[in-house]
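In what follows, a single structure is set out as structure tokens and then discussed.
The values are calculated or read from the model by the stated rules, or taken from the named source; none is laboratory data. Since we're looking at a predicted model, the values are computed, not measured. Heads up, the Cβs are rebuilt from the backbone with ideal geometry, glycines too, and the neighbour counts pull from every protein chain shown. For the accessible areas, the whole protein counts, side chains as well, though only heavy atoms, and no ligand, DNA or RNA atoms are used. Shrake-Rupley method; radii C 1.70, N 1.55, O 1.52, S 1.80 Å.
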Amino acid sequence: MKRYITYSLLIVAATLLMASCDKFLEDNPTDRLPEDEAYNTVTDLWNNALGSIYLNIGGSAPSQGLQGTARGVWDLNTFSTDEAMIPTRGTDWYDGGIWQNLFLHRFGNVDFTGDTWNYLFKEVLACNRALERIDAFEKAHPGQDVKELRAEARALRAMFLFYAMDLYGRVPVFLSSNPTVQEMKLQDRSVAFKHIVSELQAAENDLSRVPSRKFGEYYGRMTASVAEFLLAKVLLNAEVYADDDWTDAQHPDASTMTWDVNGETLNTWQAVERYCNAISSNGFKLADDFKDNFSISNEESPELIFTIPMDIYNYSNRFSQQFRSLHYNHASALGLNGENGPCATIEAMKTFGYGKGIDTDMRLYWTYYYDQVYHDQTGEPVTLDDGSQLVYYPMAVKLDLTNDPYEKTAGARMKKYEIDLAAMSDGQLRRNDIVLFRYADVLLMQCEAMLRDGRAGAQADALLNWVRQRVGMAWRPATLDNLLEERMLELAWEGWRRNDLIRFGMFTRPYTDRPQTDADRMGYTLVFPIPGETLSACGSAQNPGY
């Protein structure tokens, strides 16, 4: 039986008094409890200072949440890559050209990049407000231990800042809920990078080592293993994040960077490996069945490190990605309301070995609907309005399918999560927890760190092939090329593809119906533009190229 996190309805983020930054950080809570009622105990402090931040890791409206909703972090990291796309299908999915512009890396014409920025920094602001409340509580209650809550708030703030830095490059680093205009100025990416690492390191040892996936007090919360995952992920991208000029085709050498990891000086790749080993030592392991990570009851998977908790009665978070992808009739057969949009690229299908018989990766079947479509539970064929069986055509996809014979049926569709027939809100309000971080990624990160540190060999091979053998695939040597391919095979639809491609220097190359643009060649598109209202309010220059 789930023990659900009880969140206060209190909105933590404070209203900034700076009228000039109102759009960037404005918030006008109307249901805030009086101070003397909201913070009497440590439990009150957690509920009223941290609880709503956890609610906002997911979301129920566009551009809200790290995953689950549309026009936000997940879309920016997925539909700008060779993993997936949203073709124009006649009168459907043109939407002013935003999906074509996102796929073609015309990011200045994607209108929700500003909404995503605002979401992330409102959460940074909420974390700052929580830390101020924790400090005030500690002064008023000197005998109460709030060390863990402070670590939680700092690590959450670092997580939101990580996503912002990854997407936008230069970001403000402010530690107050009422920052001045000067504090809101954009910092070089390397400054934000080092700050994020130091914050996560400072928090790590004060966080609980209870797995976040387990029902109970720490279910869905920031714990030590979540912070260690973030440390490994941030440091794995050190050569990207330490580079303050991403347009000059040069980057720092991460092997020459050193880090203090619990008193030991390590280079970047050794530090990544150390954090991966710390996660392993906390009892995480691959689930016996790949599909268990995405099942209705996926809380039982020993592989899940951090998720967005979902339930049809107790949470308001939505999961829209799957129903957005399915053909109308396919979704209708499952009791959902499909939107017939997102699908896999041709590159993705080639990576999975579509059509190659015994050389096809087993994860193709578990990750995508393709070819003839059958009802998941009954096995009955899904039919079109004319009575013929629905068929998805993976290799017929292109960016504009208007008047194409496969306008409504081109492209393999998202399958990865088990369909919850008890879901509500057209399938968006469901019981499968949304997967953010999992242990298979840890093994692949550790393997990559070893390869980048010049330590190819049996141990690196073993890490790669633990992931492959779990799904019954043949042994392969650990090379960077094989590893990037494996990350597609294992982590498709999980929101990491843009991050991976940039790190591997592959983000700006041409692929399915997408030529390389001049902006790609000049390196501008490795980050998104900063919202204009932020620039005008805080006196910073735009990212190059926009």
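Listed by position, the helices (runs of 4 or more DSSP H) enclosed by the range 486-546 that each have at least 3 residues that are under 19 Å from Asn77 (Cβ atoms) and out of contact with any His (no Cβ under 9 Å at 6 or more places or on another chain) are 497-503.
Residues that are farther than 24 Å from Glu148 by Cβ and out of contact with any Lys or Arg (no Cβ under 9 Å at 6 or more places or on another chain) do not occur anywhere in the range 216-228. For beta carbons closer than 7 Å, sequence separation of 6+ or different chains, a first residue in the range 222-241 that is open to solvent by 10 Å² or more (accessible area, probe 1.4 Å) and a second that is assigned to a helix (DSSP H, G or I), the qualifying pairs are Glu239/Ala254; Val240/Ile502; Val240/Arg503. In the condition set (1) farther than 21 Å from Phe528 by Cα; (2) surrounded by 18 or more Cβ atoms within 10 Å (Cβ to Cβ); (3) free of Cβ contacts under 8 Å to residues at least 40 places away in the same chain, Val173 is compliant with all but (1).
Determine if the range 257-267 includes at least one residue that is among the aliphatic types (A, V, I, L, M), within 19 Å of the chain's Cα centre (by Cα) and either at positive phi or open to solvent by less than 30 Å² (accessible area, probe 1.4 Å) (or both). Please lay out each step first, then the result.
Restricting attention to the range 257-267, the residues satisfying the condition of being among the aliphatic types (A, V, I, L, M) are 257, 261, 266.
Pick out the ones that are also within 19 Å of the chain's Cα centre (by Cα) and you get none.
Scanning the range 257-267, I find no residue that is among the aliphatic types (A, V, I, L, M), within 19 Å of the chain's Cα centre (by Cα) and either at positive phi or open to solvent by less than 30 Å² (accessible area, probe 1.4 Å) (or both), so the answer is no.
With respect to the conditions (1) open to solvent by less than 50 Å² (accessible area, probe 1.4 Å); (2) touching a residue at least 40 places away in the same chain (Cβ under 8 Å), Asp244 falls short on a single one, namely (1).
Just wondering, is there one or more residues in the range 454-462 that are in a loop (DSSP other than H, G, I, E, B) and within 28 Å of Ile98 (Cα to Cα)? Checked the range 454-462: no residue is in a loop (DSSP other than H, G, I, E, B) and within 28 Å of Ile98 (Cα to Cα). Residues that are outside any helix (DSSP H, G or I) and open to solvent by 50 Å² or more (accessible area, probe 1.4 Å) were ranked within the range 104-141; the one that is farthest from Pro179 (Cα to Cα) is Arg106. Please determine whether any residue of the range 302-309 is open to solvent by less than 30 Å² (accessible area, probe 1.4 Å), assigned to a helix (DSSP H, G or I) and either in contact with a strand residue (DSSP E or B) (Cβ under 9 Å, 6 or more places away or on another chain) or not hydrophobic (A, V, I, L, M, F, W, C) (or both). The answer is no, given that none of the residues of the range 302-309 is open to solvent by less than 30 Å² (accessible area, probe 1.4 Å), assigned to a helix (DSSP H, G or I) and either in contact with a strand residue (DSSP E or B) (Cβ under 9 Å, 6 or more places away or on another chain) or not hydrophobic (A, V, I, L, M, F, W, C) (or both). Within the range 446-498, being of a type in the set (Lys, Arg) and either buried (at least 21 other Cβ atoms within 10 Å of the Cβ) or touching a Ser or Thr at 6+ places or on another chain (Cβ under 8 Å) (or both) holds for Arg452, Arg487, Arg497, Arg498. Go through the residues of the range 84-92 one by one and say whether even a single one is open to solvent by 10 Å² or more (accessible area, probe 1.4 Å) and in a loop (DSSP other than H, G, I, E, B). Yes, the range 84-92 contains a residue that is open to solvent by 10 Å² or more (accessible area, probe 1.4 Å) and in a loop (DSSP other than H, G, I, E, B).
Within the bounds of the range 142-155, is there any residue that is among the acidic types (Asp, Glu), within 20 Å of Asn499 (Cβ to Cβ) and either in a helix (DSSP H, G or I) or open to solvent by less than 10 Å² (accessible area, probe 1.4 Å) (or both)? Taking every residue of the range 142-155 in turn, none turns out to be among the acidic types (Asp, Glu), within 20 Å of Asn499 (Cβ to Cβ) and either in a helix (DSSP H, G or I) or open to solvent by less than 10 Å² (accessible area, probe 1.4 Å) (or both). Filtering the range 125-145 for residues that are among the charged types (D, E, K, R), within 23 Å of the chain's Cα centre (by Cα) and more than 20 Å from Gly539 (Cβ to Cβ) leaves an empty set. Identify all residues within the range 156-172 that are of a type in the set (A, V, I, L, M) and not in a helix (DSSP H, G or I); write none if there are none. Within the range 156-172, just Val171 meets the criteria.
For beta carbons closer than 9 Å, sequence separation of 6+ or different chains, a first residue in the range 313-339 that is under 21 Å from Gly58 (Cα atoms) and a second that is β-branched (Val, Ile, Thr) and assigned to a helix (DSSP H, G or I), the qualifying pairs are Gln321/Thr78. In the set (1) over 20 Å from Tyr168 (Cα atoms); (2) at pLDDT 95 or above; (3) open to solvent by less than 10 Å² (accessible area, probe 1.4 Å), Gly96 fails one condition alone, (3).
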